[in-house]
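As C-alpha cells, the structure follows; a few thoughts come after it.
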Amino acid sequence: MNFDFTEEQVMLRDSVARFIQDDYSFDTRQGIAASETGMSAELWRTFAELGWLSVPFAEEHGGFGGSAVDVMVVMEQLGKGLVLEPYLATVLLFGGLLQKGGSAELQANYIPKIIDGSCLGAFAYLERQSRFELADVATTATAQDGGYRLNGEKVVVFNGANADHLIVSARSSGEQSDEHGISLFLLPADAAGIEKKTYRLMDGQLVANLVLKDVKVAATDLVGELDQGLALIEAVVVEANMALAAEALGIMEQLNAKTLEYTKTRKQFNVAIGSFQALQHRMVDTFMAYEQTKSLLYRAVCALTDEKEDAATAVHALKVMLDRAGKLVYGEAIQLHGGMGLTDELDIGHFAKRLMMINTTFGNGDYHQAKFNALRYS
Amino acid sequence: MDTSFTPEELAFRDEVRTFLSESYDAELQARLASGDPKVYKQAVIDWQKRLHEKGWIAPNWPVEYGGTGWDATRQFIYDSERAAAGVRDVVPFGLKMVGPVIYTFGTQEQKDRFLPSILASDEWWCQGYSEPGSGSDLASLKTRAVLDGDEYVVTGAKIWTTYAQFADWIFCLVRTSNEGKKQQGISFLLIDMKSPGIKVNPIVSIDNHHSLNEVEFNEVRVPVANRIGEQDKGWTYAKALLAHERTSIAGVADTKRNLAQVRDFAKREVNAGKSLLAEPGFQARMSDIEIELMALEFTELRVLAAVASGGAPGAESSLLKIKGTELQQAVQSLAMEVAAYYQGVLPNDLSAEELGHDFGSKARQSFMYGRAATVYGGSNEIQKNIIAKAVLGL
C-alpha cells in the first residue's frame, strides 16, 4: 500500500503547477473572465501542446491513457489557479461520454480533435425542472427519416457558449423520470433549430440555455445504445464528481494558505491576529477539514481505479464531505479576512464562488447524503 | 409574564398593516429594485418621507425629538409587520446611529440643525468608523484632527463606508490626542461631505455591487461646532451608538420573513418528482434554523422590554448581533441550496423569464453581501470577547 504518485504523475502535476504559477496569475484569470468568450483560445492550445487534453483518453486515439489519479492530479492544480478553460466540459464530460460510449467512428472523429485542442465540447444534461436528478429528462428524441428529431430545453450548459459540438440527453422512450429511455446524441452546436442564450455565472464561467426545435440528428450520431443513456451518464458523472472534488481540494488548499498567511501579517491590538487562540483553533479546523476531504478524495479515486463496488458510495461520501468542508473553509477565509474578504478585488471571494458552484454541480451535499443513506441504511 | 396582545395593540397592528400595504406600493417597489443608483436613492428617500409624514420614521426616538413614543410591544409589532410585508427597514446611519447620538450628547444648536433633516430624510448620512488599519481594533484609529482656531483639520482615511457616494454628511471618529489610552484621544465629528479635501473611492464587493467605499480626508476643515460633546471623549459616545447598532443588526423580523420565502421556494422546487420541502433532510435543515429563530425572537423581546423599562442595551446586544447574523447567513445559505445551479446567476445577462428561474440571482446577492454581517458592527469575534468580559467576567 502506498499513496505515492508515479514519476509521470509528478511530472504532470508539476507541469500544470508551473503553468499556473508562470502564466495564470489571478489578474490574468480575471482578464479572461471579463473577455467576451470567457476563456483563452491561446491558452487552450497551450493545454493541448502540453498534453493535458489527452490525459483520460485511450492510447489508440492518441491519448495518454491516464487513470482517475492522473485526472485528479491535473484538476487539483487547475483548481489552485481558478482556471476558466473548459477542461471539465470538453475533456471529462463531452470526451468522457465519447470515450465510454461513443461508436468507433465517433471516437475516431472527435477524440483526436479534443486532444489537439480543435474541438470544444459541452454536455447538455440539465433541464429547468430536473435539479439534481439525471433521469429527469423531458427533452424528446423522436425517430424520423432514419434519424432523430430533438425538441426541448437545456439549461446551465457548461461551456455552452463556446462549444462547437454538443452531446445532448433526450428521452427516446418512457416517462419523464424513467431511468430507461434516455439517449445521448452528438451534434454541432450551430445545428439548425438550436437557439442559444449565453450568460455568466458567479464563478466566471460562461454558460448557455438551449432551446431545441426539431433539431435533426443522424442515427450514427447516437452516443451509446438507444434508451440506455442513463448508465453512461452516471458512469461519466461519477468520474466528473471525483474530478470536481480534486479541483475543490486545490481551491481549499489555496484558501487555507492565503488565510493563514493573512492572519500572520494582519495586526490588530498590536499583534498578528493569528496569535489569538480563538482564531488558531478555527484555522486548525479548516486544516483538518482539508485533510479529511483529501482522504475521502483518495478513497474515492482508489475505489474508482480498482472498480470496487463501493465506488458510488465513496463518491457520495466525498460530495457530502466536500459540501460541509467547503462551506467551512470559504466561510472562515472570508470571515478571517474581514472587510478585505468582502471585496471583489481580492481573490478570496472568487475561490469561494467557484467552490460554491462545484458543490452544487451534479448534486449538493444534501442530495448526495440522501443517496448515501439510501445505499447504506435501506 | 404575558406576551399576548391587548385589543389596542391588535388594533395598532391592523393600522400598521393597512398603512404598509397602501403606502409601500408597486411603483415604489419597482424603483427600489432598480439597478440605477440614482433611482434607488430617490426611492429610498421617498419611502422614508412617507413614513415621516405618517409620524413613524423614528420608532426608537423619544417623542420630544420626533419619535413615536411606542413601548416595546408596539415597536415589536411594527417591526414584525414591516418585515412580514417585505418592507425595507430605514437606512440606519441617520435614524438609528447618529440621530440618537445627537439627541443624547449634542448641543441644542446641533439638535436644531441636524435632527429635522434626519427625520425628513433630507440629508443622507454615512458612518466613518473603520480604517484600513483599524477594523476589530477600532480604537487604534489614526485619522487625525488638529485644532486650528475654531476649526479641526482632518487628515486620514475611512473604509467600508456604506453609501458614502450618496451621503451629504459623515459622522467620524478622529484622533485628537495620542496621550493616555488609545480610547481616550478620540473625538466625534460631524463632517459635511461637500468639504474640500474629501475623496470617495468606490469598492466593489463580492456581490458584484458598489455600496462600500473608502473615504479619504486630506486637510479637511471642520468647524469645532460640529464636534459632539467634549474633545477626546468621542469613544464614550461611539460606544453608546454601537450598542444600538448591534441591536438593530440582529434583524430577527427580516430573517423570519426571509425564511418563510425560502420555504415557499423550496415548496415549488421539485427533485425526482417530489417537493424539496417534503425531503426529510431539507426539513431538518430548515427546522434547525427556525427553532433558533423562535428563541432569538424572544431573546430580542426580553432585551426590548428591558430597554423600555429604562435600561440601555448592553452586552445583550452582542448576543443579538452574533445569533442574529448567524441566522441571517444560515437562511441565505439555505436559499442558495434551494436555487441549486441557479445560485450562480448574475443579474445582468438574462431576465427571469428568459432564464426560467426567478430567485437565484437575488439569493446569490443576499448570500454574498450577507457575509459582511458577521464582520461589520464589530465582528462576531469581538462580540464574543465582549460577552466573555462583560457578562462572564473572564
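None of the figures in this text is laboratory data; all of them are computed from the coordinates on show. Worth saying up front: this structure is predicted, and the values here are computed from it rather than measured. Counting neighbours? That spans all protein chains shown, and the Cβs are built from the backbone with ideal geometry, glycine included.
How are the C-alpha pair distances of chain A spread across 20 Å bins, as whole percents from the shortest bin up?
28, 58, 13, 1
For the stretch A:270-337, what size does the Cα cloud have along each of its three principal axes, sorted from largest down, in whole Å?
Principal extents (largest minus smallest coordinate, Cα): 56, 15, 13 Å.
Give me the log10 of I(q) over I(0) for the stretch A:122-227 at q = 0.12, 0.14, 0.15, 0.21 Å⁻¹, as the Debye formula computes it from C-alpha points; what are the numbers?
-0.35, -0.48, -0.55, -1.07
Starting from the exponent 0.38 and prefactor 2.2 Å, build the expected Rg for the protein assembly as shown from its residue count and divide its actual Cα Rg by it.
1.05
What is the average number of partner chain Cβ atoms found within 10 Å of a Cβ in A:200-206? Mind dumping the intermediate values first?
On the way: counts 6, 9, 13, 1, 2, 1, 1.
Mean number of neighbouring Cβ atoms from other chains: 5.
Per the Kirkwood formula on distinct C-alpha pairs, the Rh of chain B is how many angstrom?
Numbers: mean 1/r = 0.0445 Å⁻¹.
Evaluated on chain B, it is 22.5 Å.
Against the longest principal axis of chain B, how steep is helix B:252-268, in degrees 0 to 90 to the nearest 10, with axes from Cα atoms?
Helix B:252-268 sits at roughly 30 degrees to that axis.
Beyond 22 Å, what percent of the Cα pairs of the stretch B:124-232 remain?
Details: 1568 of 5886 pairs.
Roughly 27 percent, rounded to a whole number.
Show me, bin by bin at 5 Å from 0, the whole-percent P(r) of the stretch A:229-378 based on Cα pairs.
All Cα pairs considered, the percentages come to 2, 10, 18, 20, 16, 12, 9, 6, 4, 2, 1, 0, 0.
Sequence gap at least 6, Cα distance under 8 Å: using those rules, report the relative contact order of chain A to the nearest whole percent.
Details: 663 pairs, mean separation 54.7, N = 378.
Relative contact order for chain A comes out at 14 percent.
So, in nm, how far is label A:Ala235 from label B:Lys362 when the simple model puts each one 7 Å beyond its Cα toward the Cβ?
Once both label points are built, they end up 4.4 nm from each other.
What lysines does A:Lys154 reach when the alpha-carbon gap must be under 26 Å and sequence neighbours fewer than 8 apart in one chain are set aside?
Counting by Cα, and skipping residues close in sequence, A:Lys154 has these lysines nearby: A:Lys100, A:Lys113, A:Lys196, A:Lys197, A:Lys213, A:Lys216, A:Lys319, A:Lys353, A:Lys371, B:Lys267, B:Lys274, B:Lys362.
To the nearest whole number, what is the average tally of beta carbon atoms from other chains within 10 Å of the beta carbons of peptide B:366-376?
Per residue, the number of nearby Cβ atoms from other chains is 4 on average.
Against the longest alpha carbon principal axis of chain B, how many degrees, from 0 to 90 and to the nearest 10, is the axis of helix B:234-249 turned?
Helix B:234-249 sits at roughly 10 degrees to that axis.
What residue among A:Gly79, A:Gly146, A:Gly174 shows peak mean-square fluctuation when chain A is described by a Gaussian network model with Cα springs under 10 Å?
Per the Cα network of chain A with a 10 Å cutoff, A:Gly146 tops the list.
Among all stretches of chain B without exposed trypsin sites (Lys or Arg not before Pro) (DSSP loop, at most 10 other Cβ atoms within 10 Å), which one is longest?
My reading of the result: B:195-394 is the longest stretch.
Quick one: P(r) of the stretch B:7-118 from all Cα-Cα pairs, 5 Å bins, percents rounded to integers, in order of increasing distance.
Taking all Cα pairs of the stretch B:7-118, the binned fractions are 2, 11, 20, 22, 19, 14, 9, 3, 0 percent.
Using the Kirkwood radius over C-alpha pairs as Rh, can you work out the diffusion coefficient of the stretch B:84-174 via Stokes-Einstein at 10 °C, viscosity 1.306 mPa s, in µm² per second? Spell out each step's value before the answer.
On the way: Rh = 14.6 Å.
Rounded, D is 108 µm²/s.
Quick one: compute the contact order of the stretch A:7-119, relative version, from alpha carbon pairs under 8 angstrom and 6+ residues apart, as a percent.
33
Check each of the GluC sites (Glu not before Pro) in the stretch A:299-353 and keep only those in coil by DSSP with at most 16 other C-beta atoms within 10 angstrom; list them in order.
Numbers: sites: A:Glu307, A:Glu309, A:Glu332, A:Glu345; in loops: A:Glu307, A:Glu309, A:Glu345.
Those that pass, being in a loop and sparsely packed, are A:Glu307, A:Glu309, A:Glu345.
I'd like the mean, over residues of B:331-339, of how many other protein chain beta carbons sit within 10 Å of each residue's own Cβ.
Shielding by partners across B:331-339 averages 2.
In a shell of Cβ-Cβ distance under 11 Å around A:Gly62, excluding A:Gly62 itself, what net charge do Lys and Arg (+1) and Asp and Glu (-1) give?
-2
What GluC sites (Glu not before Pro) in the stretch B:262-330 are in a loop by DSSP, with at most 14 other Cβ atoms within 10 Å of the Cβ?
Hits after loop and neighbour filter: nothing returned.
So for the stretch A:207-273, taking the charge dipole from beta-carbon charges (+1 Lys/Arg, -1 Asp/Glu), which of A:Val211, A:Thr265, A:Gly250 sits furthest toward the positive end?
A:Thr265
If you line up the Cα atoms of the stretch B:268-392 on their principal axes, what length do they span on each, largest first, in Å?
54, 33, 25
Once phi is turned into θ = phi - 60°, what whole-Hz ³J(HN,Hα) does the Karplus curve with 6.51, -1.76 and 1.60 give for every residue of the stretch B:213-222, x standing for Gly and Pro?
8, 10, 10, 9, 10, 10, 6, 7, 8, 10
So what does log10 I(q)/I(0) come out to for the stretch A:1-128 at q = 0.10, 0.12, 0.15, 0.20 Å⁻¹, using the Debye formula with one equal point on every Cα and no solvent?
Evaluating at q = 0.10, 0.12, 0.15, 0.20 Å⁻¹ gives log10 I(q)/I(0) of -0.32, -0.47, -0.72, -1.19.
With each pseudo-label sitting 7 Å past Cα toward Cβ, what's the A:Thr140-A:Phe269 distance in nm, one decimal?
Using points 7 Å along Cα→Cβ, the separation is 6.8 nm.
Quote the relative contact order of chain B in percent (integer), defining contacts as alpha-carbon pairs under 8 Å separated by 6+ residues.
12
About its Cα centre, how strong a charge dipole does the protein assembly as shown have in debye, to the nearest 20, once Lys and Arg get +1 and Asp and Glu get -1 at the Cβ?
Values: 74 positive and 102 negative charges, 431 e Å.
Here the protein assembly as shown has a charge dipole of around 2080 debye.
In the Gaussian network model of chain A, springs joining C-alpha atoms below 10 Å, which of A:Ile32, A:Ile273, A:Ile182 carries the largest mean-square fluctuation?
Looking only at A:Ile32, A:Ile273, A:Ile182, the biggest GNM fluctuation is shown by A:Ile273.
In the Gaussian network model of chain B, springs joining C-alpha atoms below 10 Å, which of B:Leu320, B:Leu296, B:Leu147 carries the largest mean-square fluctuation?
Evaluated over chain B, the most mobile residue of the options is B:Leu147.
Restricting to DSSP loop positions (anything but H, G, I, E, B) with no more than 14 other Cβ atoms inside 10 Å of their own Cβ, which GluC sites (Glu not before Pro) remain in the stretch B:182-247?
Qualifying residues, ordered by number: B:Glu230.
So what are the ³J(HN,Hα) numbers for the stretch B:155-165, from phi and the Karplus equation (6.51, -1.76, 1.60; θ = phi - 60°), rounded to whole Hz, Gly and Pro as x?
9, x, 8, 10, 9, 6, 7, 5, 6, 4, 5
Could you pull out every one of the lysines with an alpha carbon less than 19 Å from that of B:Lys321, ignoring same-chain neighbours closer than 8 positions?
Here the lysines satisfying the reach criterion relative to B:Lys321 are B:Lys96, B:Lys239, B:Lys256, B:Lys384, B:Lys389.
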